[in-house]
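**Student:** Structure in C-alpha coordinates, see below.
The values are calculated or read from the model by the stated rules, or taken from the named source; none is laboratory data. Predicted model only: the values in this text are computed from it and were never measured. A quick note on method: Cβ atoms are made from the backbone with ideal geometry, for glycine too, and the neighbour counts reach across all protein chains shown.
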Amino acid sequence: MSEQKPESDQEKKKINRREFLNFAWLASLGFLTLNIGGITYLFAMPRFKEGEFGGVFTVGKVSELPPAGSPPANYPKVRFWLSRTPQGISALYKVCTHLGCLYNWNDQENKFICPCHGSEFQPDGTYLAGPAPRSLDQFKIQIVDPNSGEVLAESKEPGPLPVPENPDAVVRVDTGQRINGKVHG
Ligand code: FES
(Lines give C-alpha, C1' and ligand atoms only; values in the text may rest on other atoms or scores of the structure.)
Protein backbone atom coordinates (compact mmCIF):
# COMPACT_ATOMS: atom_id res chain seq x y z
CA MET A 1 0.00 0.00 0.00
CA SER A 2 1.25 3.43 -0.91
CA GLU A 3 1.47 5.88 1.94
CA GLN A 4 -0.25 9.24 1.47
CA LYS A 5 2.05 12.16 2.08
CA PRO A 6 0.77 14.98 4.29
CA GLU A 7 -0.08 18.11 2.28
CA SER A 8 2.78 20.49 1.99
CA ASP A 9 2.38 24.14 3.06
CA GLN A 10 2.59 25.07 -0.60
CA GLU A 11 -0.40 22.85 -1.48
CA LYS A 12 -2.39 24.16 1.47
CA LYS A 13 -1.80 27.70 0.25
CA LYS A 14 -2.96 26.69 -3.25
CA ILE A 15 -6.19 25.22 -1.91
CA ASN A 16 -6.80 28.26 0.23
CA ARG A 17 -6.29 30.52 -2.74
CA ARG A 18 -8.62 28.41 -4.88
CA GLU A 19 -11.25 28.44 -2.14
CA PHE A 20 -10.92 32.16 -1.85
CA LEU A 21 -11.32 32.64 -5.62
CA ASN A 22 -14.39 30.37 -5.63
CA PHE A 23 -15.85 32.33 -2.76
CA ALA A 24 -15.13 35.67 -4.47
CA TRP A 25 -16.69 34.41 -7.71
CA LEU A 26 -19.83 33.19 -5.92
CA ALA A 27 -20.08 36.44 -3.99
CA SER A 28 -19.84 38.52 -7.20
CA LEU A 29 -22.45 36.29 -8.85
CA GLY A 30 -24.78 36.76 -5.90
CA PHE A 31 -24.20 40.51 -5.93
CA LEU A 32 -24.90 40.69 -9.68
CA THR A 33 -28.10 38.64 -9.30
CA LEU A 34 -29.30 40.93 -6.52
CA ASN A 35 -28.58 44.00 -8.63
CA ILE A 36 -30.39 42.63 -11.69
CA GLY A 37 -33.34 41.63 -9.49
CA GLY A 38 -33.44 45.11 -7.91
CA ILE A 39 -33.28 46.90 -11.25
CA THR A 40 -35.99 44.65 -12.74
CA TYR A 41 -38.20 45.34 -9.70
CA LEU A 42 -37.69 49.10 -10.05
CA PHE A 43 -38.57 48.98 -13.75
CA ALA A 44 -41.66 46.88 -13.04
CA MET A 45 -42.95 49.44 -10.50
CA PRO A 46 -45.29 52.10 -11.91
CA ARG A 47 -43.35 55.36 -12.20
CA PHE A 48 -46.19 57.51 -10.91
CA LYS A 49 -48.77 56.83 -8.26
CA GLU A 50 -52.45 56.88 -9.13
CA GLY A 51 -53.93 60.32 -8.49
CA GLU A 52 -50.71 62.29 -8.86
CA PHE A 53 -49.40 64.17 -11.88
CA GLY A 54 -47.92 61.70 -14.34
CA GLY A 55 -50.37 58.97 -13.29
CA VAL A 56 -54.07 58.27 -13.75
CA PHE A 57 -56.47 60.65 -11.99
CA THR A 58 -60.11 59.70 -11.35
CA VAL A 59 -62.36 62.71 -11.91
CA GLY A 60 -65.60 60.98 -10.81
CA LYS A 61 -68.81 59.65 -12.31
CA VAL A 62 -70.35 60.96 -15.52
CA SER A 63 -73.32 62.18 -13.42
CA GLU A 64 -70.91 64.35 -11.38
CA LEU A 65 -69.44 66.17 -14.39
CA PRO A 66 -70.24 69.88 -14.69
CA PRO A 67 -72.97 70.62 -17.26
CA ALA A 68 -71.91 71.51 -20.80
CA GLY A 69 -71.08 75.18 -21.17
CA SER A 70 -70.11 75.74 -17.53
CA PRO A 71 -66.67 77.26 -16.77
CA PRO A 72 -63.80 74.73 -16.91
CA ALA A 73 -62.87 73.09 -13.60
CA ASN A 74 -59.33 73.67 -12.37
CA TYR A 75 -57.31 70.64 -11.20
CA PRO A 76 -54.02 72.29 -10.15
CA LYS A 77 -52.45 69.22 -8.52
CA VAL A 78 -52.68 67.20 -11.72
CA ARG A 79 -52.16 70.23 -13.98
CA PHE A 80 -55.22 70.24 -16.18
CA TRP A 81 -58.47 72.09 -16.77
CA LEU A 82 -61.49 69.88 -17.25
CA SER A 83 -63.66 71.53 -19.84
CA ARG A 84 -67.11 70.41 -20.96
CA THR A 85 -68.70 71.67 -24.14
CA PRO A 86 -71.73 70.33 -26.06
CA GLN A 87 -69.24 68.16 -28.04
CA GLY A 88 -67.80 66.44 -24.96
CA ILE A 89 -65.08 66.73 -22.34
CA SER A 90 -61.40 67.67 -22.59
CA ALA A 91 -58.61 67.53 -20.00
CA LEU A 92 -56.44 70.45 -21.10
CA TYR A 93 -52.80 70.53 -20.05
CA LYS A 94 -52.24 73.82 -18.20
CA VAL A 95 -49.12 74.78 -20.14
CA CYS A 96 -49.42 77.15 -23.11
CA THR A 97 -48.36 75.66 -26.44
CA HIS A 98 -46.36 78.80 -27.30
CA LEU A 99 -43.51 79.06 -24.77
CA GLY A 100 -44.84 77.16 -21.81
CA CYS A 101 -46.49 79.80 -19.58
CA LEU A 102 -49.51 78.89 -17.49
CA TYR A 103 -52.61 80.31 -19.17
CA ASN A 104 -55.77 81.32 -17.29
CA TRP A 105 -59.49 81.01 -17.74
CA ASN A 106 -61.25 84.32 -18.37
CA ASP A 107 -64.88 84.10 -17.30
CA GLN A 108 -65.99 87.40 -18.88
CA GLU A 109 -64.58 86.54 -22.29
CA ASN A 110 -65.39 82.81 -22.02
CA LYS A 111 -61.93 81.72 -23.21
CA PHE A 112 -58.45 80.84 -22.02
CA ILE A 113 -55.89 83.66 -22.26
CA CYS A 114 -52.16 83.31 -21.77
CA PRO A 115 -50.67 86.21 -19.75
CA CYS A 116 -47.24 85.98 -21.43
CA HIS A 117 -47.88 86.82 -25.09
CA GLY A 118 -51.65 86.85 -25.28
CA SER A 119 -52.49 83.55 -27.00
CA GLU A 120 -56.18 82.72 -26.73
CA PHE A 121 -58.02 79.42 -26.82
CA GLN A 122 -61.66 78.34 -26.89
CA PRO A 123 -63.13 76.44 -23.89
CA ASP A 124 -62.30 73.10 -25.57
CA GLY A 125 -58.68 74.23 -26.13
CA THR A 126 -58.98 75.11 -29.82
CA TYR A 127 -56.60 77.88 -30.92
CA LEU A 128 -58.19 81.32 -31.35
CA ALA A 129 -55.44 83.95 -31.57
CA GLY A 130 -51.87 84.86 -30.70
CA PRO A 131 -48.43 83.35 -31.29
CA ALA A 132 -49.21 79.79 -30.06
CA PRO A 133 -48.55 77.37 -32.96
CA ARG A 134 -51.30 74.92 -32.04
CA SER A 135 -54.38 74.33 -29.93
CA LEU A 136 -53.92 73.33 -26.29
CA ASP A 137 -52.50 69.91 -25.56
CA GLN A 138 -54.74 67.55 -23.68
CA PHE A 139 -54.49 64.37 -21.66
CA LYS A 140 -56.01 61.08 -22.61
CA ILE A 141 -59.44 60.47 -21.05
CA GLN A 142 -61.04 57.09 -20.50
CA ILE A 143 -64.66 56.57 -19.50
CA VAL A 144 -65.13 53.16 -17.97
CA ASP A 145 -68.14 51.06 -16.94
CA PRO A 146 -67.61 50.53 -13.16
CA ASN A 147 -69.16 47.04 -13.19
CA SER A 148 -67.67 45.39 -16.24
CA GLY A 149 -64.53 47.54 -16.52
CA GLU A 150 -65.36 48.00 -20.21
CA VAL A 151 -63.92 51.15 -21.78
CA LEU A 152 -66.96 53.03 -23.08
CA ALA A 153 -65.08 55.97 -24.58
CA GLU A 154 -61.44 56.92 -24.94
CA SER A 155 -59.74 59.97 -26.43
CA LYS A 156 -57.31 59.06 -29.18
CA GLU A 157 -57.03 62.35 -31.03
CA PRO A 158 -57.24 66.06 -30.20
CA GLY A 159 -60.72 67.42 -29.48
CA PRO A 160 -63.50 66.82 -26.96
CA LEU A 161 -64.49 63.26 -26.10
CA PRO A 162 -68.26 62.64 -26.38
CA VAL A 163 -69.67 61.56 -23.00
CA PRO A 164 -71.59 58.25 -22.97
CA GLU A 165 -75.12 58.07 -21.53
CA ASN A 166 -74.19 55.85 -18.55
CA PRO A 167 -74.37 58.19 -15.49
CA ASP A 168 -72.38 55.75 -13.32
CA ALA A 169 -69.48 55.42 -15.76
CA VAL A 170 -66.19 56.62 -14.29
CA VAL A 171 -64.09 59.34 -15.92
CA ARG A 172 -60.33 58.91 -15.66
CA VAL A 173 -57.59 61.17 -16.97
CA ASP A 174 -54.16 59.75 -17.73
CA THR A 175 -51.77 62.65 -17.11
CA GLY A 176 -48.94 60.49 -18.40
CA GLN A 177 -50.38 60.45 -21.93
CA ARG A 178 -50.50 63.78 -23.68
CA ILE A 179 -52.21 64.38 -27.01
CA ASN A 180 -50.78 67.39 -28.84
CA GLY A 181 -53.23 70.06 -29.97
CA LYS A 182 -53.86 70.54 -33.69
CA VAL A 183 -51.44 72.83 -35.49
CA HIS A 184 -53.32 75.75 -37.03
CA GLY A 185 -52.97 77.78 -40.12
S1 FES B 1 -46.31 81.42 -23.64
FE2 FES B 1 -48.39 81.66 -23.93
S3 FES B 1 -48.56 83.08 -25.50
FE4 FES B 1 -46.45 82.85 -25.23
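**Student:** Name the one entry in 131, 86, 162, 146 that is surrounded by fewer than 22 Cβ atoms within 10 Å (Cβ to Cβ) and within 13 Å of the ligand (Cβ to nearest atom). Steps first, answer last, please.
**Tutor:** Numbers: 86 fails: within 13 Å of the ligand (Cβ to nearest atom); 162 fails: within 13 Å of the ligand (Cβ to nearest atom); 146 fails: within 13 Å of the ligand (Cβ to nearest atom).
Going through 131, 86, 162, 146 in turn, the sole match is 131.
**Student:** Does any residue of the range 113-121 turn out to be closer than 20 Å to residue 173 by Cα, of a type outside the set (A, V, I, L, M), assigned by TED's automatic domain parsing to the domain that holds residue 173 and within 14 Å of the ligand (Cβ to nearest atom)?
**Tutor:** Residues of the range 113-121 that are closer than 20 Å to residue 173 by Cα, as a first pass: none.
No - not one qualifying residue is present in the range 113-121.
**Student:** List the number of the failed condition for residue 181; all other conditions in (1) part of a strand (DSSP E or B); (2) within 15 Å of the ligand (Cβ to nearest atom) hold.
**Tutor:** Status for residue 181: all satisfied but (1).
**Student:** Another question, then. Hey, any hits in the range 70-82 for a residue that's away from the ligand (no atom under 16 Å from the Cβ), crowded, with 19+ Cβ neighbours inside 10 Å and closer than 10 Å to residue 124 by Cα?
**Tutor:** Taking every residue of the range 70-82 in turn, at least one turns out to be away from the ligand (no atom under 16 Å from the Cβ), crowded, with 19+ Cβ neighbours inside 10 Å and closer than 10 Å to residue 124 by Cα.
**Student:** Any residue in the range 114-134 that is assigned to a strand (DSSP E or B) sitting within a Cβ distance under 8 Å of a residue that is among the basic types (Lys, Arg) and at pLDDT 95 or above? List the pairs, counting only those 6 or more apart or interchain.
**Tutor:** Pairs that qualify, where the first residue is assigned to a strand (DSSP E or B) and the partner is among the basic types (Lys, Arg) and at pLDDT 95 or above, are 120/111; 121/111; 127/134; 127/182; 128/111; 134/182.
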